[in-house]
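See below for the structure under consideration.
The values are calculated or read from the model by the stated rules, or taken from the named source; none is laboratory data. Here the structure is a predicted model, which is why all the values come from computation and not from measurement. Please note: Cβ atoms are built from the backbone with ideal geometry, for glycine as well, and neighbour counts cover all protein chains shown.
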Amino acid sequence: MLIKKDLTPFIDDKKVLKNPHKGWYWHYYDNGMKRKWYRDRLTGNEDYKEFPGLNHLYLRIDWSDIQPQPDEFDWSEVDRVMDEWSKKGYRFSFRMCCSETNETQCFATPEWLYKMGCKGTFIPPTKEENPTWWTTKFGDDSIEVFNRIVGDTYHRYWEPDYSDPLFLKYLDIFLEKFAEKYDNDPRVEFVDLGTYGNWGEGHVCFGTRKSASIETLKTHAYLHAKHFKNKFIIMNDDFITHLYDCTEEDKKELYDFCKSLGMGIRDDSIIAGDYIHRPYHTIEAPEMFDDLHIQAPVDLELGHYWSYNRDNAKDGLVIMEAARRAHATYAGFHTYPEDYLKDNYYVVEYLANRLGYWYTLHSVSANSEAYTCCPMLLETEWENMGFAPAYTPFELEIRLKSTDGDEFFIKADKFNNLDFYPNKRIKVRNILRLPENMPQGKYSVAIKMTEGETPILLALSDNIKDENDFYTLTDITIM
Amino acid sequence: MIQKHSLISIADDKTVIKNPHKGWYWHYYDNGMKRQWYRDKTAEGEYYDKFPGLNHLYLRIDWSDVQPEPDRFDWSEIERTMDKWKKYGYTFSFRVCCHESWPTQCFATPKWLYEMGCGGNFFIRDANGGILTDENGGGTWEPDYADPLFLKYLDLFLEEFASKFDGNPLIEYIDIGSYGIWGEGHTYFGSKKCFGIDVLKKHLIIHSKHFKKTPLIVNDDFIMQLYNRPESEKEELRDFCISLGLGIRDDSVLVGAWDYKKYHNVEFPELFLTLSKSAPANIELAHLNHYTKEQAKDGLRVIEAARTCRASYMGFHGYPDEWLEKYYYVTEYLANRLGYWYFINSVAHNDCALKDAPLMLEFEWENRGFAPCYTKYEMKLKFRNNDYEYICAIPEFDNTEFMEDQKYIKRYLTRIPKDMPAGIYDISVGIFEAATNTSINLAIKNEYKDQDGFYRISQIEIR
C-alpha cells in the first residue's frame, strides 16, 4: 500500500540554517580599500559565527585600488582577505567603482588614465561645505566654469567620462583581468555592475548629474557580461531609474538589454532617508525585481547605518517587507557587524532563513514494500519557505539503510530544485531502481541534498538528521 | 480604444486606514469586571485615536458580573462603557467566562447557581503553583460544565444575552467562553478534566442557537486540549465547529518558550486555515507582563502568527500606552494587514462611452491583508463633472471572494443613462457597508477621495 507520511511535525522553522548562495553580507571594503570603515575594529580573532546567516563579505573597491599602473594588477590585498575569511566559511562578492565622492579618493578610476588624457570632470565642493568659496571665486555654481579655471586644484573628486574610448578600452582590459582571476573562483558569489556612477550605484547624483548615453551604459553592461561567463552579474536599479534627460523608451531599451544578458538586480540604500513618495518597502521600481528575480539573485543594501534609525527602518519591518517584496536572496548591512547585530538581532535572525531559498518537506510517500531489481516510487512534497528561488541546481541523494547497517545510495534523477518557487508546494516523484544485491529486510529511507560536497540543510528537525546530513523520512520493507 | 490605467502611482500602503471588522482590540474588561487592569490608567479624555487600527474593545466579563440573581440581569455597566466608547468609533466583542483563577473572583459562574446545587469543585494553587482541590471552599469554583442545572441556566443566560446584543452592529463577534479557565476552552488551572465532547457540543449549540447574526468564535484549545482523548474526538469536534460556521482564536501566543511550536507559536495553524474560511480568525497575545522582547522577537513573531493564521483581529493585553511605546511599528504594520486591505492596481475601459449604452470597466483588485473580509460590501461608481453627477451600483461586486494576498481581475458592466449630458467625466469608485452606511477606505492616496467616500481613478468621455 502506498503510504503517505506526514512530515510537518518535523518541520523546524526556528533554527537558522547556513546554506550557500543566500543570506546576509557585510560591507568589508567599503567605498574602496583606502577607507577603513567597518573593518578597522577587527582584532583578527573574529569569525562572526554568532551572526545568523552571514554568508559573505562584500568587497566594494575602486579600480585604482587594483591597477596602480596600466600594466600592473595588484590583487594581493584582496587575496589576503579572501584567504583569511574563506577559511572561516565565508564567500565574497565584488563591486568595482570608478567614482567616489571625497577628496581622499579623488581617483577611483586610476589617475594614470586621467593623465593619459581620458576625459572627465572635477567635482567641486558643495555650497554647503564651502559657501564663502563659491561666492568669492565664481559667483555661480557652474561645474564647467569650475573645471576650466581651478578644477584640478580645488576639486573634491574626479568623475571620468564613462564614454571616453580610452576609458572603455582600459575598462575592458581591467575586466578581462578581473574575470580571469575570479570568474571561476567558487568563493565568489556575484559581481556587481559598479563601473558607472557614484560609488558604483548607477547614478551620477553626486557628480555631473549628466547621464551617460544608453549606448555607453550598454557597453558597460556588455563588458561585464563578456568577461564574466560564470558569475551572476547584478545591476543597480538606479542604472535604469536614475537616468537624467532620458526617455522611457531608452530606459526600456537599456533594461531589456540587461535583462537579456541574464542580470540580477540590486537596490542600494533602501533605508537612507524618509522616501516619502515611495511605498512602505521603499523600493522604487518593484516590478523590475519581480521580473529579474526569475533569472538571477536580488540583492538589497540597507544604507550606511548612520543614515537610518528606528523610525525610518520601522524597527526593521521596512527591511523585512523590502526583502519579501523584492524576492531578495542577499541583504547587506552597512556598518560594523557587532553594532548591527546588537540593534537588529531578531530581524537578522528572521531574514537569515528567509532570504533566498529555504526548503522543507511536508510529506513523503512510498509503498510499504518494494522489490529488489524493481522500480520503487518515492514521492516527496517540498516547500520553499524563502523569499526567492535558488539559482544553483542541487542534487538529491537517497539512502536506504538496513537494520544491519548496510547502505545503498541512489541519485534522484528527477529532481530540480530550481523549480521550487516560494510559497508553493511541489511534489517530486522519483522512480528508483533498487540494486540487485540488496538483502531483504527493513530499511530506513533518508535523503540528502547537496551542491558538490556541500550539504544543503533543510528546515527539518535535527532529530531526524544524522552526522552525514541525511534526513531519515520513513521506513520500507524490501522483499 | 480600451485603455488600461495603472493606479500604482496613486496607491498608498503607508497611511493606516481604519476600516470595519478588522484590526486591533484592547482587553478593556479583563478577567471579569471586578479587575481594573488595563482600563484604570486611562485618563479622562483619552480615546486612543493615535492607536493605529484600534478597532474594538474586548469585554471579557464573567457570567456573575451580569446576572447577580437568577431572574435579574444587569447590563448597566456594559451599556455605560459602550455608550462612552462607541462615540469614538469603536465597536465591541464579548467573552463571558464561567471560571476565573483569582480567589477574589471565586464565582465567575454565579454563586446562586452553586447554592442551588449545581455541581463543581473549588481549586486552589499550592505554594509550588500546583492546583489542588480545596474541600473548604477556598480558591475558585469550577462548575461542572455538564451539570443539567448549569446548562439550563447557561441556556437562559445566553438567550437573554443574545436578545440584547445579537445582530447589534456595534458587536463584532462573540467569543465562546463558557467552558474552561478564563473561558479559554481548557481546564488546565482547574480540574484538568476534559468534559465529554457531547457536553462541549452542547456549549456550542447553545451559543449558536441564540446568536443567529453575530459571528461566533471558538478557542483552538476548546478543540485540541481534550486531555487523553482520541484524535477522532478532536476531529469530530473540529468538524462540528466547521459545520456551525465558527471562527477561531488562539490565546496567549506569546506565553512560554514553546520549543516544540513553530516560529509563530501557534500550535494548530491548520485549524486556522480551515475555520477562517467561514468566519474571522483572532489572535490574543497574552498579558504584556508575561512576555519579553526576546519571546516576541521584536514583534516579528506576532506578525508571523497573524500572517499564518489569516488573522482579522489581534488583541494586545496590556495598557494601550505601554503597548504602543514598546511595539508601535508592529502595531502600525499590522493595522492595515490584519483582515482585508484592498488595492485597485488598474482600471481599464474604453476611452469614450455612449449614452443609453453599456460600458465595461475592468478592475484589478488586490487584497494585501492577511484575511478575506467576511462582510459583503457594495460597490458604486460615480461619473462626475462640473455640471452633472451620476452614481450607479455594481451588484455583481463581491468583496468576500478577495482572498488574502491575491489579485483579481473583475469585469463590470454598467449602463450610461440616456439623459446624461455629453462631456468629460471623472470616474470614481466607492465601497460601502450598507448596514452601517460606512464607506470602506481603500489603499489609495487620500487626495483622490471625496467627501462621500469615492476615489477618483480615471476619466472618460461620454458622447
Next item on the list: Output the residues belonging to region A:81-106 that are modelled with pLDDT of 95 or more, among the charged types (D, E, K, R) and part of a loop (DSSP other than H, G, I, E, B).
Entry: A:87, A:88
Next item on the list: Among what's in region B:157-214 and is surrounded by 23 or more Cβ atoms within 10 Å (Cβ to Cβ) and acidic (Asp, Glu), pick the residue that is nearest to residue B:376 (Cα to Cα).
Entry: B:172
Notebook entry, point to check: So how many residues does region B:249-264 have that are closer than 21 Å to residue B:27 by Cα and buried (at least 18 other Cβ atoms within 10 Å of the Cβ)?
Noted result: 6
Check: Does any residue in region A:222-234 that is of a type in the set (Lys, Arg) come within less than 7 Å, Cβ to Cβ, of a residue that is assigned to a strand (DSSP E or B) six or more places away or on a different chain, and which pairs are these?
Finding: A:231/A:188; A:231/A:190; A:231/A:191
Next item on the list: Tell me which residues, restricted to region A:324-345, are closer than 18 Å to residue A:297 by Cβ, of a type outside the set (A, V, I, L, M) and in contact (Cβ under 8 Å) with a residue 60 or more places away in the chain.
Entry: A:324, A:327, A:329, A:330, A:332, A:333
Item checked: Single residue of region B:330-351 satisfying the filter (within 11 Å of chain A (Cβ to nearest Cβ) and assigned to a helix (DSSP H, G or I)) that is nearest to residue B:444 (Cα to Cα) -> B:336
Check: If we scan region A:63-71, do we find a residue that is assigned to a helix (DSSP H, G or I) and in contact (Cβ under 8 Å) with a residue 60 or more places away in the chain?
Finding: yes
Margin query: Anything in region A:287-316 that is within 9 Å of chain B (Cβ to nearest Cβ) and either out of contact with any Phe, Trp or Tyr (no Cβ under 6 Å at 6 or more places or on another chain) or among the hydroxyl-bearing types (Ser, Thr, Tyr) (or both)? List them, or say none.
Written below: A:287, A:310, A:311, A:313, A:316
Notebook entry, point to check: In region A:362-405, which residues are of a type outside the set (A, V, I, L, M, F, W, C), part of a loop (DSSP other than H, G, I, E, B) and over 29 Å from residue A:422 (Cα atoms)?
Noted result: A:368, A:371, A:372, A:403, A:404, A:405
Margin query: Filter region A:259-288 down to the residues that are on the phi > 0 side of the Ramachandran plot, small (Gly, Ala, Ser) and more than 17 Å from the chain's Cα centre (by Cα) and list them by number.
Written below: A:273
Checklist line | Selection status of residue B:263, under 19 Å from residue B:56 (Cβ atoms) and either within 14 Å of chain A (Cβ to nearest Cβ) or assigned to a strand (DSSP E or B) (or both) | finding: no
Notebook entry, point to check: residue A:224: crowded, with 22+ Cβ neighbours inside 10 Å and touching a strand residue (DSSP E or B) at 6+ places or on another chain (Cβ under 6 Å), yes or no?
Noted result: yes
Notebook entry, point to check: What are the residues in region A:419-456 that are in a loop (DSSP other than H, G, I, E, B) and over 36 Å from the mean Cα position of the chain (by Cα), if any?
Noted result: A:434, A:435, A:436, A:437, A:438, A:439, A:440
Item checked: Unmet criterion (only one of (1) assigned to a loop (DSSP other than H, G, I, E, B); (2) over 15 Å from the mean Cα position of the chain (by Cα); (3) away from every other protein chain (no Cβ under 14 Å); (4) not small (Gly, Ala, Ser)) for residue B:274 -> (1)
Margin query: So, residue B:299, is that one in a helix (DSSP H, G or I) and modelled with pLDDT under 95 or not?
Written below: yes
Check: Hey, among B:10, B:17, which residue is hydrophobic (A, V, I, L, M, F, W, C), farther than 24 Å from residue B:437 by Cβ and either away from chain A (no Cβ under 14 Å) or surrounded by fewer than 21 Cβ atoms within 10 Å (Cβ to Cβ) (or both)?
Finding: B:10
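A quick yes/no check of all residues on (1) more than 10 Å from every other protein chain (Cβ to nearest Cβ); (2) touching a strand residue (DSSP E or B) at 6+ places or on another chain (Cβ under 9 Å); (3) outside any strand (DSSP E or B); (4) not hydrophobic (A, V, I, L, M, F, W, C):
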{"position": "B:282", "(1), (2), (3), (4)": "yes, yes, no, yes"}
{"position": "B:294", "(1), (2), (3), (4)": "no, no, yes, yes"}
{"position": "B:312", "(1), (2), (3), (4)": "yes, yes, no, yes"}
{"position": "B:325", "(1), (2), (3), (4)": "yes, no, yes, yes"}
{"position": "B:328", "(1), (2), (3), (4)": "no, no, yes, yes"}
{"position": "B:359", "(1), (2), (3), (4)": "yes, yes, no, no"}
{"position": "B:364", "(1), (2), (3), (4)": "yes, yes, no, yes"}
Notebook entry, point to check: Counting only residues that are aromatic (Phe, Trp, Tyr) and part of a strand (DSSP E or B), which one in region B:53-102 is surrounded by the most Cβ atoms within 10 Å (Cβ to Cβ)?
Noted result: B:58
Note to self: Please pick out the residue among A:197, A:151 that is modelled with pLDDT of 90 or more, closer than 21 Å to residue A:107 by Cα and small (Gly, Ala, Ser).
What the structure shows: A:197
Note to self: Residues to consider are A:40, A:74, A:62; find the one that is under 22 Å from residue A:332 (Cβ atoms), touching a helix residue (DSSP H, G or I) at 6+ places or on another chain (Cβ under 9 Å) and among the acidic types (Asp, Glu).
What the structure shows: A:62
Check: Inside region A:1-54, can you point out the residues that are within 14 Å of chain B (Cβ to nearest Cβ) and outside any strand (DSSP E or B)?
Finding: A:7, A:8, A:9, A:10, A:12, A:13, A:14, A:15, A:16, A:17, A:52
Notebook entry, point to check: Is it the case that residue B:49 is within 14 Å of chain A (Cβ to nearest Cβ), assigned to a loop (DSSP other than H, G, I, E, B) and charged (D, E, K, R)?
Noted result: no
Checklist line | Members of region A:317-373 found to be away from every other protein chain (no Cβ under 14 Å), aromatic (Phe, Trp, Tyr) and closer than 24 Å to residue A:424 by Cα, listed by number | finding: A:330, A:357, A:359
